[in-house]
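FYI, it's all coordinate maths here, none of it is from the lab. If you're wondering where the values come from, they're calculated on a predicted model, not measured in any experiment. A quick note on method: Cβ atoms are made from the backbone with ideal geometry, for glycine too, and the neighbour counts reach across all protein chains shown.
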Amino acid sequence: MFKRDFTAEQEAFREAYRRFLQVEVTPHMESWREQGIVARDLFKKAGDNGFLLTWADEEYGGLGDPDFRFEQIMIEENQYALTSDWYTTLHSRLVGPYIQRFGNSDQKQKYLPKCVSGESILAIAMTEPDAGSDLAGMRTTALEQEDHYLLNGSKTYISNGINADLVVVAAKIDPVNKPREISLFLVERGMAGFERGANLKKMGKKAQDTAELFFSNVKIPKENLLGTKGKGLSHLMEALAEERLIAAVEALSAAQKAFDLADQFCRERKLFGQRLADFQNTQFKLAELRAELDIQQVYVDQCVKALNLDQLTPEDAAKAKLATTETLGRMVDEAVQLHGGAGYMDEYPISRMYTDARVTRIYAGSSEVMKLIISRDIFRKEFVPYIDKP
């Protein structure tokens, strides 16, 4: 495997974050999984240690360093430590940047410092029962009044749905005359008419609270409109390439962890007087997966570089997301098979990794949507043999 491109500062950051997980997260994960939610004060502890919104300017309490590799390190370490149920990247790199990109100076001053410190937990609410990948199909409305917007509707499968203090909500402002126009709103905990459903029970990622959100005549002050009115869909699309790269980093690092668990188990498990690792079938399966993981790591790291240069295309991000999540599915399946009956037991980490992995082919755009994006890129262009391309 090629040497990866992290600075000395980033390697020190990795060690610090790894210690943080060992002390503050790992000892509590089992109880949080049973409760279906992580303790709110974990976000505050992470903020105190500089692990939230690292890209935020120093005036808001951040490191002021936009390099995505800091987030990449935290995603990887969460997977290696088996603490990915605490999805801090959702707060820091999926939702927080909406405020940075599209918020005005007053909104940034009001919200970002508490997001950096962990006092305010973030969520984003796009998905509805009949509107997942097809955002234009959403039914939630925010009708403009004299001095506010009146928000009505519901959202589902919202990560951080219970813990969230501030939710970026997508809604239509003129569903009759402009049915495809969407706006984004900052909805705060405690606003009258804003209610949460039960913490939903899921196949995997048990400690990540996921809920339905309900809005009944919620009065949203006009100053809580995020970005340009009617441009919410383009605002959301602007962030999708990074969101899909995040999903790819998560899936690939999870696959790397699953490989390590399978490798270790095969070296220790005895079968017919031999180690499982001594059978050619085992060696060939792991060799094939090892090659695939190493090749994808190089591609994902190149996508990270492109993102840092503001050159990551939606198509390249879709390729990364599709390839890594599909590989993760194969990796955990093979790892469970190699574990035999032990792989089906919850006490073995690979059992939980198997159920956690399934959602990666769904969120941030399903595999089918990724294929659609990639195929459109292929066929919208005039045919030129790939070998002749610059």
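List the aspartates and glutamates whose alpha-carbon lies under 16 Å from that of Lys110, not counting same-chain residues fewer than 8 positions away?
Answer for Lys110, where 16 Å is the Cα cut-off: Asp57, Glu58, Glu59, Glu119, Asp165, Glu188, Glu223, listed by chain and number.
Explain nothing, just compute: Karplus ³J(HN,Hα) = 6.51 cos²θ - 1.76 cosθ + 1.60, θ = phi - 60°, for every residue of the stretch 6-21 in order, whole Hz, x for Gly and Pro.
10, 6, 4, 4, 5, 5, 5, 4, 4, 5, 5, 5, 4, 5, 4, 4
Any idea what the dipole of the stretch 187-333 comes to, in debye rounded to 20, about its Cα centre with Lys/Arg Cβ at +1 and Asp/Glu Cβ at -1?
Values: 22 positive and 22 negative charges, 109 e Å.
It comes to approximately 520 debye.
Could you tally the net charge around Pro179, taking each other residue with its Cβ under 11 Å from the Cβ of Pro179, Lys/Arg +1 and Asp/Glu -1? It would help to have the intermediate numbers written out before the result.
Working: positive: Arg139, Lys172, Lys178, Arg180; negative: Asp174, Glu181.
Neighbour charge sum, excluding Pro179 itself: +2.
Go ahead and run the numbers for FRET between Phe383 and Arg101, Cβ-Cβ distance against an R0 of 30 Å, rounding to 0.05. Intermediate values should be presented prior to the final figure.
Details: r = 36 Å, r/R0 = 1.21.
Between Phe383 and Arg101 the formula returns 0.25.
Which pairs break 27 Å Cα to Cα here: Lys201/Lys270; Lys202/Lys321; Lys108/Lys172; Lys305/Lys371; Lys108/Lys321?
Working: Lys201/Lys270 37 Å; Lys202/Lys321 22 Å; Lys108/Lys172 24 Å; Lys305/Lys371 23 Å; Lys108/Lys321 30 Å.
In this structure, Lys201/Lys270; Lys108/Lys321 exceed 27 Å between Cα atoms.
Quickly estimate the mean residue ellipticity at 222 nm for the chain, helices only: each DSSP H run with n ≥ 4 gives -39500 (n - 2.57), and the total goes over all residues, rounded to 500. Display every interim value, and only then the final one.
On the way: 11 runs with 174 residues, N = 390.
One gets -15000 deg cm²/dmol as the mean residue ellipticity at 222 nm.
Under a cut-off of 24 Å between alpha-carbon atoms, report the lysines in cross-link reach of Lys114, not counting same-chain residues fewer than 8 places apart.
Lys44, Lys45, Lys219, Lys222
Explain nothing, just the number: dipole magnitude of the chain about its Cα centre with +1 on each Lys and Arg Cβ and -1 on each Asp and Glu Cβ, in debye rounded to the nearest 20. Can you show the working numbers first?
On the way: 50 positive and 59 negative charges, 148 e Å.
For the chain, the charge dipole is close to 700 debye.
Just in the stretch 321-384: which chymotrypsin sites (Phe, Trp or Tyr not before Pro) are loop by DSSP and have at most 11 other Cβ atoms within 10 Å? Kindly include the intermediate steps, with their values, before the conclusion.
Working: sites: Tyr344, Tyr354, Tyr363, Phe379, Phe383; in loops: Tyr363, Phe383.
Counting only loop positions with at most 11 other Cβ atoms within 10 Å, the chymotrypsin sites (Phe, Trp or Tyr not before Pro) in the stretch 321-384 are Phe383.
Counting only the backbone N, which residues of the stretch 328-347 are under 17 Å from the spot 7 Å out from the Cα of Ala291 toward its beta-carbon?
Within reach of a label on Ala291, which here means backbone N under 17 Å from a point 7 Å along Cα→Cβ, the stretch 328-347 contributes 331.
Show me the GluC sites (Glu not before Pro) within the stretch 88-166 that DSSP assigns to loop and that have at most 14 other Cβ atoms within 10 Å of their Cβ. Could you put the intermediate results ahead of the total?
On the way: sites: Glu119, Glu144, Glu146; in loops: Glu119, Glu146.
Passing both the DSSP loop test and the Cβ count: Glu119, Glu146.
At 7 Å along Cα-to-Cβ for each site, give me the label-to-label distance between Lys202 and Glu11 in nm.
Result for the modelled spin labels: 3.4 nm.
Choose one of Gly230, Val169, Ile124: the residue whose Cα lies farthest towards the positive end of the charge dipole of the stretch 123-230 (beta-carbon charges +1 Lys, Arg; -1 Asp, Glu; about the Cα centre).
Going by the Cα projections, it comes out as Ile124.
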